[in-house]
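Have a look at the structure below before the remarks.
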Amino acid sequence: MSASILIVGLPWSQDELTLAVEAVRALGGRPVVADTERALGAIRRPEGCTYLPVAELSVSAVLAACGDTRPDHVVSITELTTVLAARVREAFALPGTSAETEAAVTDKFRTRSLLRAAGLTAVDCRETSLRDLPAVLASVDLPVVVKPVAFTGSHGVRHIAVPSDADALRDFYDADAAAESGRDRLIVESVIPGDEISAEAVCVNGEVRILGLTDKFNTGVPHYYEVGHVMPSGHTARWLDPVRAYLQDVVSALKIRTSALHAELMLHDGRVELVELHTRFGGGSIVQLLAEAYGVRAYDVYFTALLRGELPDVPRATGTAGVAFFGGWAGAPFRWHSYDFPCADAVLALSLDARAQPKVRQHEGIRLGYWRTGRAVFRASGADGYARVAANVAFVRDQFQRLDPAARPQDRPSHHEGTHR
Ligand SMILES: Nc1ncnc2c1ncn2[C@@H]1O[C@H](COP(=O)(O)OP(=O)(O)OP(=O)(O)O)[C@@H](O)[C@H]1O
Ligand SMILES: [Mg+2]
């Protein structure tokens, strides 16, 4: 009988679920997906997959739903359920990354502390709460970056140059709701200088293989909202080997065994420094970019690693791919100035619903400052491929930054430092 892969928890993106399910099937495996009845009822379910509706996302509920059938592998493809998937793995006595490690990876303070003990980060960091933040800010050298120990999308993240910037940060939190769900736990970090990239990789039995590096484009200080990325990174030739070596050290220090990896990194002065790490592939169309730029089907690679223990060959890029997100400040109507891309021939796909509304305005006490209404995917080849794709991404980023300042989230002027794009 073919091996089964139990995917615990639906990912944010329906497309990614489809890609993952198709990858398991293409490799001759049996895909099984577990999530709550409500979550499973809200999606278009890819065919050829067994669905296990559970009353709640807990180890006992998932085990009960499996009944007498023991899965061969248990994974999560979203950070929301990596710890749960690891606990289910442990309950079935299956090999893989431990729940303790997954819990450390989902907590930016614990990750940073483990890396510090292993000599793999030079970043100063403190853990605090929303309530105690002013006292901590009074005792550290500014500027710093303050962010939730666990969240995503740069929501609740802010560069703090002067103590009063903390007021602007607090506007992004509903203090009571955040405290109730533990989202008021914050990390205060020194500002990491450099150019930011991400690395997509797989790890098999503790050995890292990089699939691609990506240049990240964000709105810079103070909010760092991510507006697009370009793959392969323009830093690839110079930095691939140092990034691989650093990521291998990070994976070994954290005791990650077999998983997808998305590492956000700063490159500066000959050194690689971690911003954050996930044991799943990057969101924001990164999986699609791997296919467009490298011809890599990321989930095929990951599940081949799981099912056969094989590491992929390092791919060579066949072109440059990029994505940029249309969006706006939360609460303001969507207004976009121009779709007249500087390199229109590099536009591969556009999707946009100008009338869409954000589904939520806050999550567990963190107010969302911006939202995405659509995206543009780019591809170009040839010697100037990178420049053309990057020009289109920068075009979207620059418009994002010029969106009506009156509608912008609390953004009190202060002296900004740093070298971020
Ligand atoms: N210590 C730091 N120094 C400099 N910039 C930072 C620092 N921490 C975070 N940033 C910037 O803020 C961005 C968001 O931070 P981070 O990636 O930790 O949060 P996130 O909300 O988890 O984002 P994601 O959606 O990528 O998961 C980073 O990509 C980086 O540009
Ligand atoms: Mg991040």
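The values are calculated or read from the model by the stated rules, or taken from the named source; none is laboratory data. The structure displayed is predicted, hence computed values, not measured ones. Every residue, glycine as well, gets a Cβ built from its backbone with ideal geometry; the counts of neighbours run over all protein chains shown.
Quick notes
- Scan segment 136-168 for residues that are more than 12 Å from ligand 1 (Cβ to nearest atom), of a type outside the set (Ser, Thr, Tyr) and closer than 24 Å to Asn218 by Cα and the total you get is 8.
- Condition check for Leu94: closer than 30 Å to Ser259 by Cα, surrounded by fewer than 17 Cβ atoms within 10 Å (Cβ to Cβ) and at pLDDT 95 or above: yes
- Hits in segment 352-374 (condition: modelled with pLDDT of 90 or more, closer than 17 Å to His223 by Cα and part of a loop (DSSP other than H, G, I, E, B)): Leu368
- Residue check: Thr236 meets all listed conditions (1) more than 16 Å from ligand 1 (Cβ to nearest atom); (2) under 24 Å from Phe151 (Cα atoms) but one, namely (2).
- Within segment 271-299, the set of residues being surrounded by fewer than 20 Cβ atoms within 10 Å (Cβ to Cβ), more than 15 Å from ligand 1 (Cβ to nearest atom) and either under 23 Å from Leu84 (Cα atoms) or without any contact (Cβ under 8 Å) to a residue 60 or more places away in the chain (or both) comprises Ala291, Gly295.
- Against the conditions (1) exposed (fewer than 15 other Cβ atoms within 10 Å of the Cβ); (2) within 21 Å of Leu289 (Cα to Cα); (3) among the hydrophobic types (A, V, I, L, M, F, W, C), Ala376 satisfies every one except (1).
- Each residue in segment 236-252 was checked for being more than 20 Å from Gly119 (Cα to Cα) and either of a type in the set (A, V, I, L, M) or touching a Cys at 6+ places or on another chain (Cβ under 8 Å) (or both), and 2 of them qualify.
- Members of segment 137-168 that are in a strand (DSSP E or B) and within 16 Å of ligand 2 (Cβ to nearest atom): Val145, Val146, Lys147, Pro148, Arg158, His159
- Subset of segment 169-216 [in a strand (DSSP E or B), within 30 Å of Val136 (Cα to Cα) and either of a type outside the set (D, E, K, R) or away from ligand 1 (no atom under 15 Å from the Cβ) (or both)]: Tyr173, Leu186, Ile187, Val188, Ser190, Ile197, Ser198
- From the list Gly206, Gly212, Gly220, the one residue that fits, being touching a Leu at 6+ places or on another chain (Cβ under 6 Å) and either over 15 Å from Ala390 (Cβ atoms) or not basic (Lys, Arg) (or both), is Gly212.
- Which numbered condition Cys66 misses (of (1) surrounded by fewer than 22 Cβ atoms within 10 Å (Cβ to Cβ); (2) in contact with a strand residue (DSSP E or B) (Cβ under 6 Å, 6 or more places away or on another chain)): (2)
- The set of residues in segment 284-311 that are part of a helix (DSSP H, G or I) and charged (D, E, K, R) comprises Glu292, Asp300, Arg308.
- Inside segment 129-182, residues that are of a type in the set (D, E, K, R), surrounded by 16 or more Cβ atoms within 10 Å (Cβ to Cβ) and over 25 Å from the mean Cα position of the chain (by Cα) make up a count of 1.
- Flag if Val188 is modelled with pLDDT under 95 and under 30 Å from Ala166 (Cα atoms): no
To keep it simple, each residue is scored yes or no on (1) over 24 Å from Val323 (Cβ atoms); (2) without any contact (Cβ under 8 Å) to a residue 12 or more places away in the chain; (3) surrounded by 24 or more Cβ atoms within 10 Å (Cβ to Cβ).
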position: Glu200; (1), (2), (3): no, no, yes
position: Tyr224; (1), (2), (3): no, no, no
position: Gly228; (1), (2), (3): no, no, yes
position: Thr236; (1), (2), (3): no, no, no
position: Tyr246; (1), (2), (3): yes, no, no
position: Ala260; (1), (2), (3): no, no, yes
position: Leu267; (1), (2), (3): no, no, no
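- Qualifying residue in segment 100-108 (condition: among the hydrophobic types (A, V, I, L, M, F, W, C), within 16 Å of ligand 2 (Cβ to nearest atom) and either under 30 Å from Ser351 (Cβ atoms) or buried (at least 22 other Cβ atoms within 10 Å of the Cβ) (or both)): yes
- Residue under evaluation Ala168, criteria (1) at pLDDT 95 or above; (2) farther than 30 Å from Ala321 by Cβ, criterion not met: (1)
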